[in-house]
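Report on the following structure.
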Amino acid sequence: MTQYRDRPPESEPSQPEVKSSPPLAMVETAFLASTASLIWLINVYFRLTSLLRMFFPIPIALVYLRWGNRAAWMSAAVSGLLLSVLLGPTRSILFIVPYGLLGVLLGFFWRRKASWLFSIGTGTLLGAFGTFFQIGLLSLLLGEDLWVYITVQITGLVGWVFEKLGWLAEPSLTLVQAVAALAILVNNAVYLFVVHLVALVLLDRLGNPISRPPEWVRVLLDYEE
């Protein structure tokens, strides 16, 4: 007589795949892509950048958390196509780079429970790349070098700091450009941190939690699991 032995239980993945019908995946992907486009559209017309900017990548990241890599890329592409029809290809590209790509990247890290330090650091580099890309694209379309304008503004700021410190030296071009690049990196790091905080509260309530925050963030926000 053949004997059957129990198999050892297989380890479950940290983020199991959502089992559901393909139509539901398509509907949710299309809906969240439309949501991302609508947020960008409202921001363009009503100039609520400081309020809405933190939500730009979250719908696409939510698609990744629920349906995986392919659906997230489809969501980013659909968002770009919708914005291209509604606002033109230039504004569509400005959304895709960096916010559409950030949505896919953050969804990838959050699904795999990567640490906040790693996801914020990598997102900061992508966001900085997107900022330089936007500066280059707008400079090309406007026929003016916007980086020169930024450099002039930073030169005035650094010169004011030198004056307050009593330094008589003039800031060099290399120093000014280094300060400008550092300011872009810091701005993107702060932005990614705020996006993580918003996603922590919002996506936890939607049943698709992201990576757990560091202990000091939980203490600072008095956040309970």
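Considering the stretch 53-83, the residues that are touching a residue at least 60 places away in the same chain (Cβ under 8 Å) and basic (Lys, Arg) include one that is farthest from LEU197 (Cα to Cα), namely ARG66. Taking the numbered list (1) without any contact (Cβ under 8 Å) to a residue 40 or more places away in the chain; (2) within 20 Å of LEU206 (Cβ to Cβ); (3) of a type outside the set (D, E, K, R); (4) out of contact with any Leu (no Cβ under 6 Å at 6 or more places or on another chain) in turn, ILE39 passes all entries but (4). Being among the aliphatic types (A, V, I, L, M), within 20 Å of GLY127 (Cβ to Cβ) and touching a helix residue (DSSP H, G or I) at 6+ places or on another chain (Cβ under 7 Å) is a condition met by no residue of the stretch 167-175.
Output the residues belonging to the stretch 186-212 that are of a type in the set (D, E, K, R), part of a helix (DSSP H, G or I) and in contact (Cβ under 8 Å) with a residue 24 or more places away in the chain. Give the derivation first.
Within the stretch 186-212, the first condition is being of a type in the set (D, E, K, R), and the residues that meet it are 204-205, 212.
Next, from what is left, pick out any that are part of a helix (DSSP H, G or I): 204-205.
Result: no residue meets the conditions.
Restricting attention to the stretch 202-219, the residues that are more than 24 Å from LEU52 (Cβ to Cβ) and among the hydrophobic types (A, V, I, L, M, F, W, C) total 2. Out of the stretch 134-144, which residues are over 21 Å from VAL195 (Cα atoms), out of contact with any Ser or Thr (no Cβ under 8 Å at 6 or more places or on another chain) and not β-branched (Val, Ile, Thr)? Answer for the stretch 134-144, where residues must be over 21 Å from VAL195 (Cα atoms), out of contact with any Ser or Thr (no Cβ under 8 Å at 6 or more places or on another chain) and not β-branched (Val, Ile, Thr): GLY136, LEU138, SER139, LEU140, LEU142, GLY143, GLU144.
Each reported figure results from applying straightforward, stated rules to the coordinates on display, with no laboratory input. Everything quoted here is computed from the prediction, not taken from an experiment. Glycine also receives a Cβ, built like all others from the backbone with ideal geometry; neighbour counts cover every protein chain displayed.
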